[in-house]
Amino acid sequence: MNSLKINNSINISPLNFGSSLVENRTVAKADDYLKNGYFDKAIDLYEKVIQHNPSNIDARLSLAKSYSYNNQYKEAIPHLEEYLKVKSNDLENITFLGECYKKIGKFSKSMEYFNRALSLEPNYDYAKRNLLDAQNLYLQCIDPKKAQKERYDTAIKNLTEAVKIAKGFFPKGYMDDMKDVTVTFDKTSKMGGRSNIAQYEHSKRRVSVTDEYTYANPKLTGAYLIHELGIHAKDNDPYTSVCEEQDAYRAQAKYWLENAHDVYDPEMDYVAELYSQSAKALDDRVAEIYRLRDPGIPETSYNHPPTGKKASAHSLSSEMSPPIKAYDIIV
């Protein structure tokens, strides 16, 4: 989502931190670095802010995120712990801390935080799936074969149910021409330091859901398969557009509002909330995000908007804009 480059610079030294204005400017600069994937630079600035103002817990949280996106989970932990001393009921970041402990192999400690989060919100899927994953990783240390079988069986069960959910959402026969598409849990591409939740690879006719969702509620995984299978893979072409992404998110939101009352997931809840306001509210946000992610993304693509016939690549571009591009579609 983040493609803007930061070119301005701020000269920072211990003497610069004499006012909140300088601190705010430094934090803003660090925020830009974090947003655009310059994690080392963001870390350096946040560390300087905290050195001069240890009580700035928002900077501590951003520093923890920067460290985690940079795969430095051990370094993120003390800042998250300080943050949670002030925001003790922050559900998302209690789970985030548990995830950091899980990443460094402290599975028992991680489970404490996941259970703490679930005591606050029993339907919080981020905590649930991480707890189950941590339990399996702990089991791997004791009985690797048993753990491997348990993970495999769970993946098959959950993915089968998620595909069933996606197929059931659309009209009968809608996916009859998609029997060549495979669906799997796998490693996915990263954007902004986080794995994509799902992606469609046209060259392989494959939808991959991040293996971090192996233990996710099938209703949640099903929502992302509706997005990928029901819209992107259905086209059977390698192109996407603002309009196509808007169609995909509309379908995903509609499903979530109708079927997921017993699953709490902030990302999907946000999508559904926008759609509840109006389809236009969701469309506007999707357009904003995807234009930021790829300034060259075209407004329309094959079958979006539906016209009854395929448009040509030439008709979807002009001398004033880049030609339509083929690339893996990501959520």
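Annotations for the structure displayed:
- Rounded to the nearest 500, the 222 nm mean residue ellipticity of the chain from helices alone is -18000 deg cm²/dmol, with -39,500 (n - 2.57) taken per DSSP H run of at least 4 residues.
- Across segment 145-330, the mean sequence separation of Cα contacts (distance under 8 Å, 6 or more residues apart), normalised by length, yields a relative contact order of 21 percent.
- Max mean-square fluctuation residue, GNM over the chain, Cα-Cα springs under 10 Å, options 185, 114, 96: 185
- Relative to the Cα centre, the charge distribution of the chain, modelled as +1 at Lys and Arg Cβ and -1 at Asp and Glu Cβ, gives a dipole magnitude of about 620 debye.
- For the pair segment 193-264 and segment 100-150, the centres of their Cα atoms are 25 angstrom apart.
- Across segment 84-94, computed HN-Hα scalar couplings (Karplus, 6.51 cos²θ - 1.76 cosθ + 1.60, θ = phi - 60°) run 6, 5, 9, 10, 5, 10, 6, 3, 4, 8, 4 Hz from first to last residue, x flagging Gly and Pro.
- Taking the Cα centre of segment 145-330 as origin and assigning +1 to Lys and Arg Cβ atoms and -1 to Asp and Glu Cβ atoms, the resulting dipole is close to 640 debye.
- Residue 156-residue 294 FRET efficiency (beta carbon distance; Förster radius 41 Å; 0.05 resolution): 0.75
- Sequence-separation-based contact order of the chain, relative, with Cα cut under 8 Å and 6+ spacing, percent: 13 percent
- Here the residues 100, 141, 243, ranked from fewest to most Cβ neighbours within 10 Å of their Cβ, fall in the order 141, 243, 100.
- 18 Å cut-off, amide nitrogen to a point 7 angstrom out along residue 47 Cα→Cβ, residues in segment 74-108: 74-82
- Of 106/234; 35/106; 74/164; 65/187; 74/157; 48/187, those spanning more than 31 Å from alpha-carbon to alpha-carbon: 106/234; 74/164; 74/157; 48/187
- Counting other Cβ atoms within 10 Å as a rough exposure proxy, the listed residues 285, 205 run 205, 285 from fewest neighbours to most.
- The GNM of the chain, with springs linking C-alpha atoms under 10 angstrom apart, assigns the highest mean-square fluctuation among 195, 68, 276 to 276.
- Selection from 95, 218, 136, by position along the positive dipole direction of the chain (Cβ): 136
- Shape of the chain, Cα gyration tensor, a/c cut at 1.5: oblate
- Here's how it looks for residue 190: its modeled amide H is under 5 Å from those of 196, which are all 5 or more places away or on a different chain.
- Exposure proxy shown here: for 304, 227, 52, the number of other Cβ atoms within 10 Å sets the order, fewest to most, as 52, 304, 227.
Since every read-out is calculated from the coordinates, none of them should be taken as a lab result. Predicted model, so just to flag it, every value in this text is computed and none were measured. Neighbour counts run over all protein chains shown; Cβ positions are idealised from the backbone, glycine included.
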